[in-house]
Amino acid sequence: MRRPEKELSRQDIPSGIKATRRLLAYLLRATVIRIDRDKIGERRYQELPNEITTSLVPFVVSERSPLGFYRAFCRRFDVDPAGGDSEWGPIEAWLPEGRIRWDRALAAMDYDDLRVVVHESPEFLSTFATDRYGIEGEDLHFDYFPDPVQSGGYIPQLPRELIAPRAYTSVWTLTGPMHHGADEKHGNVSLFRRQRVHDPLTGRAAYVPFVSGNAIRGFWRDLVMGRWFSLLGLSTRALPTHRAHALLAGGNVDAGADGAKVNNLVRDAARRACPPWDLFAGCIDKQIMGGRARVCDAVLVCRENAWLVHPVVAPHMPLEEFAAQLPVAAEMTQLRLLTRHAHRDIPESDGIQMIANKEVLIAGYQMVHTLQIIGLDGINPVTASCLADLLEQFRATGYIGADAARGMGGIALDGYTPGPGAAELPPPDLYLEDVERRRDEMIEWAMALAPADPGISTTATERPKKRRAPAEVTA
Amino acid sequence: MSWAAENRAWRERARERWAPVSPEPLRIRAWLAAPVAWDLYDPLMIEGALQYVVIVRETGRVPDDVFAGCPISAPIEDTDVPIPIADGEVPGCPFPIAFASAGWPSVDAAASVRWRRRRVRADKLGATVINPSVGETKASNLPAPVVVAHWVDWWVIGDRARLEDLLREVQTIGGKRSGGLGHVHGWEVAPGEPWHWFGPGWRLMRPLPAHFELAQRTTRHDVREATVRAPYWHPRTRMLCRVPVQRLGERVDAVEEVSCVG
């Protein structure tokens, strides 16, 4: 491709996600051309598309502006955008309609748009960038991408009054950095888990960190079951494996469980004997059961989530004023470097230094967590009391998320407050007294090898071996 | 005693308390606090969630436990759970069909994926060797297709006061509800257009039997097998239907000029 004659300025570049996607793709292509095989090494050069793909998202997360993003990219691949290391001068993005210098191109990009584009498909950007010469007419391909859903910035009218489902909420304040692993790996960087969020005040989409309700539910199940076993004086290892697995991890749908007879005796016995099971349930004794607790995602108190957390965090402040005081989610994380000493002084050591980055939520920020109970009015008081005990335990434990052993995930909370229409939970004493009173019954149920109904066989953890015909005995 | 006989009392009580008394056209809007698990193939209906709450309210137990022992072949008259939404009849269809549209997300809706992980607590189990990569103790990381949206709308002919009462207990919608998906921030019930079966531009708004003459005139639908009454997972009401085609990002009142397939 020949260098375009026309030089573009920032004003020649339209705004918006679509324009940013196109401009960034051409800029990355121009940058990749400057990567020197000798500088980065043959192996890295051969695996360039993969390295670019895995590095783009961490860059856009860890940096705060288009210039910062581009600096990080250039530094990683040892490229001087100013052109000091080449005869060609500063890097230019060559678009079909003209060329634009890298700094002017970056000045034309909005960082929110850039974030969306990078999150959308780093694979596309990497493919385009490493396809050095492209094909004729490929620029038209950018038009094939559908318009961004919020190209016009859809701003809904928020309701004045809502019928709020009954729930319990809590505000967590992070007392240390928190990490909760993302769904995808990006090289040696573990990002924080994010989800797409639409901010109704601005109409824009953003990827906002959150802690999955499922993860909190799993942690709570560990807590509440551990407490129950402790109160009973039981070791989980003493239990039949199948049962322990069900109680600690929800079990698994055994062969035939999805079509098995639904047995009310077994179900009632499980709910009665084990209040924690009534809360979280799962599949036990070939019965697929639903728990009473619905554990929602923990929502970050940030500008994008302002409308969600406003009724809990600052109900008396006007929403717009509250939102303006909050930082945007993209500014609430940082990368934390973790290393493992190489131990080259030890003869048997492999001598390899391990470096990893984790994206963490910065200490001091807050999250709002919501818990719901199915059939609040009809719930067994002992189960409700067990939940109260669990929430006390959680508060005392004071952490959530990954790497607690390294001091991450510390939180402080005041407990869970009932929302409109939700009653206070009964005190934990009710549950503790019930466990004390029915201890033998509970232990018997926990240790049981077979369910109450002899018609349902559930305890076999291994399939019965096929019988072979006895070998003929010959004299 | 049959399941139907055992459960007649609470079902009759529910009919008195939850059947619609003064039905009117309404629009029910769920403002979402989390993505909703939905694959866009089967419509997102609201009747099941309301039935769930009625059962819990009337029995104090979760529906799975209440319906334990109910034969799958039980007739609908013995198992149907009343809700404050009126029903209509379609000639030739043996089942009443609720005056309730499918759920329609706001125009900003976008598809996404939520991964749900589970790992075995191997060190706490008594077995000598636990293999987390196979068998019943296999760790899992399962994707769920989700939709991110500000809200989901349903148009119904229903009893407003009773619906508002029940919706206080509908905390989540869609699938995979126990772990945070489908979390409802709040509900709005307001007078709405009568779009429960047919929407603007004669658009099909919910699955209806394929042979239904009025449904044949509608736009934007597929003809395929579907069920027509909650609980929609139950095969009892499965039949050839016209099922609305929904696209994320489109307005429900965007009238299409070309006719549909089918």
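Miscellaneous remarks
- In this Cβ point-charge picture (+1 for Lys and Arg, -1 for Asp and Glu), the protein assembly as shown has a dipole of about 1380 debye about its Cα centre.
- Simple rule: put +1 on each Lys or Arg Cβ and -1 on each Asp or Glu Cβ in the protein assembly as shown, find the dipole, and look at B:Pro82, A:Phe77, A:Met225; the Cα lying farthest toward the positive end is A:Met225.
- Over chain B, relative contact order from alpha-carbon pairs under 8 Å, at least 6 apart, %: 27
- With neighbour counts taken as other beta-carbon atoms within 10 Å, the residues A:Cys386, A:Cys274 rank, fewest first, as A:Cys274, A:Cys386.
- Restricting the trypsin sites (Lys or Arg not before Pro) of the stretch A:101-206 to loop positions (DSSP other than H, G, I, E, B) with no more than 16 neighbouring Cβ atoms within 10 Å leaves A:Arg132, A:Arg160, A:Lys185.
- Cβ-based exposure ranking for A:Asp285, A:Asp131, in which fewest neighbours within 10 Å come first: A:Asp131, A:Asp285
- Note on chain A: the C-alpha convex hull projects to 36.4 nm² when averaged across all orientations.
- If you model chain B as an ellipsoid using its alpha carbon gyration tensor, with each semi-axis the square root of five times an eigenvalue, the axes come out at 32, 25, 19 Å, biggest first.
- For A:Ala402, residues with placed amide H under 5 Å, excluding near neighbours: A:His179, A:His180, A:Gly181
- The Cα center of the stretch A:358-429 and the Cα center of the stretch A:1-38 differ in position by 49 Å.
- Summarised as an ellipsoid, the stretch A:273-345 has semi-axes of 36, 31, 9 Å, derived from the eigenvalues of the Cα gyration tensor scaled by 5 and square-rooted, with the largest first.
- Chain B - mean residue ellipticity at 222 nm from DSSP helices (-39,500 (n - 2.57) per run, n ≥ 4, rounded to 500): -4500 deg cm²/dmol
- Translational diffusion of the stretch A:334-439 was estimated from the Stokes-Einstein equation, with Rh taken as the Kirkwood radius over Cα pairs; at 37 °C and 0.692 mPa s the coefficient is 184 µm²/s.
- Diffusion coefficient, µm² s⁻¹, Stokes-Einstein with Kirkwood Rh over alpha-carbon pairs of the stretch A:10-139 at 25 °C and 0.890 mPa s: 167
- Residues A:Trp102, A:Trp88, sorted so that the one with the fewest Cβ neighbours within 10 Å comes first: A:Trp88, A:Trp102
- Share of alpha-carbon pairs per 10 Å distance bin for the stretch A:153-218, given as whole %: 15, 32, 37, 14, 1
- Residues of the stretch A:187-202 with an amide N closer than 19 Å to a point placed 7 Å from the Cα of A:Arg64 along the Cα-to-Cβ direction: A:192.
- Dividing the summed helix terms, -39500 (n - 2.57) for each DSSP H run of n ≥ 4, by the number of residues in chain A produces a 222 nm estimate of -11000 deg cm²/dmol to the nearest 500.
- Debye equation applied to the C-alpha atoms of the stretch B:33-113, log10 I(q)/I(0) at 0.18, 0.25 Å⁻¹: -1.01, -1.28
- Counted charge near A:Leu191, where neighbours are those whose Cβ lies closer than 11 Å (Asp, Glu -1; Lys, Arg +1): +1
- Positive-pole candidate from A:Asn305, A:Leu265, A:His242, dipole of the stretch A:239-331, charges at beta carbon: A:Leu265
- Debye intensity ratio I(q)/I(0), log10, the stretch A:262-409, q values 0.11, 0.16, 0.18 Å⁻¹ (C-alpha model): -0.71, -1.00, -1.09
- Antiparallel %, DSSP beta bridges [both residues in chain A], to 5: 95
- Each pair of Cα atoms in the stretch A:104-227 enters the Kirkwood radius, and Stokes-Einstein at 20 °C and 1.002 mPa s then converts it into a translational diffusion coefficient of 112 µm²/s.
- Taken over the alpha carbons of the stretch B:156-262 as equal point scatterers, the Debye sum produces base-10 log I(q)/I(0) values at 0.15, 0.18, 0.19, 0.24 Å⁻¹ of -0.83, -1.12, -1.18, -1.27.
Read-outs: derived from the displayed coordinates by stated rules, not from any lab. Keep in mind that this is a model prediction, so the values were computed, not measured. With ideal geometry, Cβ positions are generated from the backbone for all residues, glycine too; neighbour counts draw on all protein chains shown.
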